[in-house]
There are 2 protein chains.
Amino acid sequence: MLPTIAREDDAVVMIDQRKLPAREVYVRCKTAPEVARAIKTMVIRGAPAIGVAAAMGVALGMRKSQARGTQKFAAEFYKVCELMASTRPTAVNLFWAIERMKRSFGGAAEAGESVDQIKDRLDREAQAIHDEDLASCRAMGAFGAEVVPDNARILTHCNAGALATAGYGTALGVIRGAVEAGKRVTVVAGETRPFLQGARLTAWELVRDGIETTVITDSMAGAIMRQGTIDLVVVGADRIAANGDTANKIGTYTVAVLAREHNIPFYVAAPLSTIDLHTPDGQHIPIEERNAREVTHLAGSQLTPVGVGIRNPAFDVTPHHFIAGIITERGILRAPYTESLKRAFETEAVTTRT
Amino acid sequence: MLPTIAREDDAVVMIDQRKLPAREVYVRCKTAPEVARAIKTMVIRGAPAIGVAAAMGVALGMRKSQARGTQKFAAEFYKVCELMASTRPTAVNLFWAIERMKRSFGGAAEAGESVDQIKDRLDREAQAIHDEDLASCRAMGAFGAEVVPDNARILTHCNAGALATAGYGTALGVIRGAVEAGKRVTVVAGETRPFLQGARLTAWELVRDGIETTVITDSMAGAIMRQGTIDLVVVGADRIAANGDTANKIGTYTVAVLAREHNIPFYVAAPLSTIDLHTPDGQHIPIEERNAREVTHLAGSQLTPVGVGIRNPAFDVTPHHFIAGIITERGILRAPYTESLKRAFETEAVTTRT
């Protein structure tokens, strides 16, 4: 299992995803602001993983608090939560995890727990978020394996793998689930400019797992699909609106349009923590615009001339009608998503079999 | 005017397109094999430009020939032609230019010209190919301007500019023609991985011309189109088959699918020398697969892990039914292309006005 993120007594430890695959460097964040900065600068990325990181960051920050009284402690707690919430705007798992920490804190306060008791409770809650995410990924893998035919050639975009989660992955969890179910699969990974999560992270994870993987530039997806060599697309998600519209890494929408043009089923794999019933549709999902330098520079080298404009939206939205199914830890949700997504939160087992 | 390629007495001089925009370095090729190597390694690229380069390379090689007798001279000539033809397989302008040089040579031989006379004739023919290409680009610009609305936001892929031709450009020629016709245009340039012709070359050319240009990663094209901010797509071509199927830089097909999804007209701009009536359709166009290193490395830095597969087709084929029109030096050709392409070679003025 890949060590994406782990808690130590006095730190949150993460593998530095900016340096993979060239170097495996671990970053030890000893304060909440250091965790926030790691999220912002993409030391760690991937919606479920940054949810875990934010929760662990809050718990770490409060563990180190010098506050004696619960009032001062509470003030610090909400400030740390605010700091974490300001790191990145699109992935809803971040806000979901912070909300869970707040509910946990509220429960402790109501029960009249001491500062030390609350610290323990926050640590446990953050660890629970981590452990549940891992379990969700494994469940997604088991459910998702159903839609993967034997000898499937699967295209994925960005990294929705162990590195994007507490472990195992969402989209890559489905691929791993299919392999564990005895199916043969090969993977085509879009390199995912500008940050190259596909070329660097997905390729690295899958090669480690011995799953045959080919990297293509994002621009090749159309040509490869037209050759008839892709059977299935599976991607992750950063936020799924109530109607099924899905924000994911920039380029996902392009892949979805291409998949439909070539009659290739396009699946999204994400835990319920990525589904945001308070966002009615994709138009209401805030899309982060990141620094132009991510596009203009690579490996310290400037690619573009001075004087040119740059766009760098980190995500795009795929409308729900492009999506064949949303693979969750409670089964595969199908259209109409407005109903199936809501129902998924109400029951323990909403599985749709193909 | 950009100095893409020029002939000197003892050399063919090219700007090194691999080093732009960071550095403006000129390469002086003093022999035919040096020209061939420059084409192969993409010192110069772009279908019309490599046609000019091949013709100048042949003329240069023969200028430097020590052969006295016409028979030895002829043997050398055909060997040099073969060398040039072996550089790159997809762009038909290369073979078209070599054929023109062969016809010129044949005419000289028939006329009983001396070796020195043939050398002069080959020099003139290569220069004519250069000059005609420049004139063709200007004509494409004038015709193409008609389909560009005022305030058009134009997306282009790769570099079909002055650097890809003898000057002025095909797709960028259309943009320049629209500007010269008094239209306001802004351009979105796909960066065009792996070689980054869009981010490096198109951006550089247009910034020099003072045309407002924004670079996006190729993966952003879908999201940008969905926002309704693109009115028109114009790209170049490396080979157009008899039925209008068009090979162009990898990623062009993806852009064409996206353009149709968003009801954006998709135009190809190319001179008749890019149209190959001997190739019936796109399936018969040979697609060059280039070295994996172009995908795996950037600025000397390795992006991908060891053990992963790589695909690097340099071109893809856009089926003719995605194409709103083919802008040539003889006017804008429209579907059915099987007829309009053939007719373009038969008459002097096949213009279709919108």
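The values are calculated or read from the model by the stated rules, or taken from the named source; none is laboratory data. Values in this document were obtained by computation on a predicted structure and should not be read as measured data. Because the Cβ atoms are built from the backbone with ideal geometry, glycine has one as well, and the counts that use them run over all protein chains shown. We work out accessible area using only protein heavy atoms, side chains counted, and drop any ligands, DNA or RNA first. Shrake-Rupley method; radii C 1.70, N 1.55, O 1.52, S 1.80 Å.
The table below gives the values:
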read-out	value
Strands (runs of 3 or more DSSP E) fully within the range A:2-105 counting 1 or more residues that are over 26 Å from A:Leu196 (Cα atoms)	A:5-8, A:11-15
Any chance B:Thr31 is farther than 29 Å from B:Glu110 by Cβ and not acidic (Asp, Glu)	no
Extreme residue, nearest to A:Val215 (Cα to Cα), among residues of the range A:170-202 that are in a helix (DSSP H, G or I) and touching a residue at least 60 places away in the same chain (Cβ under 8 Å)	A:Arg200
Hits in the range B:212-234 - residues which are within 12 Å of chain A (Cβ to nearest Cβ), in a strand (DSSP E or B) and open to solvent by less than 10 Å² (accessible area, probe 1.4 Å)	B:Thr213, B:Val215, B:Ile216
Test: A:Asp231 is of a type outside the set (Phe, Trp, Tyr) and under 17 Å from A:Ala256 (Cβ atoms)	yes
Any chance B:Ser219 is of a type in the set (S, T, N, Q), modelled with pLDDT of 95 or more and assigned by TED's automatic domain parsing to the domain that holds B:Pro313	yes
Residue ID - farthest from the other protein chains (Cβ to nearest Cβ), chosen from residues in the range B:14-42 that are closer than 22 Å to B:Gly173 by Cβ, surrounded by fewer than 24 Cβ atoms within 10 Å (Cβ to Cβ) and in contact with a strand residue (DSSP E or B) (Cβ under 7 Å, 6 or more places away or on another chain)	B:Ile15
The listed residue being touching a residue at least 12 places away in the same chain (Cβ under 8 Å) and either in contact with a helix residue (DSSP H, G or I) (Cβ under 8 Å, 6 or more places away or on another chain) or not assigned by TED's automatic domain parsing to the domain that holds B:Asn291 (or both), out of B:Arg68, B:Arg23	B:Arg68
Flag if B:Ser301 is within 27 Å of B:Cys137 (Cβ to Cβ) and of a type in the set (S, T, N, Q)	no
Single unsatisfied condition, A:Glu76 versus (1) open to solvent by less than 10 Å² (accessible area, probe 1.4 Å); (2) free of Cβ contacts under 8 Å to residues at least 40 places away in the same chain; (3) not β-branched (Val, Ile, Thr)	(1)
Selected residue [without any contact (Cβ under 8 Å) to a residue 40 or more places away in the chain and out of contact with any Pro (no Cβ under 8 Å at 6 or more places or on another chain)] from A:Gly222, A:Gly251	A:Gly222
Members of the range A:107-131 found to be within 27 Å of the chain's Cα centre (by Cα) and crowded, with 18+ Cβ neighbours inside 10 Å, listed by number	A:Lys119, A:Arg121, A:Leu122, A:Asp123, A:Glu125, A:Ala126, A:Ile129, A:His130
Qualifying residue in the range B:328-345 (condition: within 20 Å of the chain's Cα centre (by Cα) and farther than 23 Å from B:Val147 by Cβ)	no
Any hit, the range A:132-148, residues being closer than 30 Å to A:Val295 by Cβ, open to solvent by less than 10 Å² (accessible area, probe 1.4 Å) and not in a helix (DSSP H, G or I)	no
Among the residues listed as B:Ala203, B:Ala199, B:Ala189, the single one being within 14 Å of chain A (Cβ to nearest Cβ), under 26 Å from B:Ile275 (Cα atoms), open to solvent by less than 10 Å² (accessible area, probe 1.4 Å) and over 15 Å from the mean Cα position of the chain (by Cα)	B:Ala189
Subset tally (residues that are surrounded by 15 or more Cβ atoms within 10 Å (Cβ to Cβ), in a strand (DSSP E or B) and either in contact with a Leu (Cβ under 9 Å, 6 or more places away or on another chain) or of a type in the set (D, E, K, R) (or both)) for the range A:269-314	5
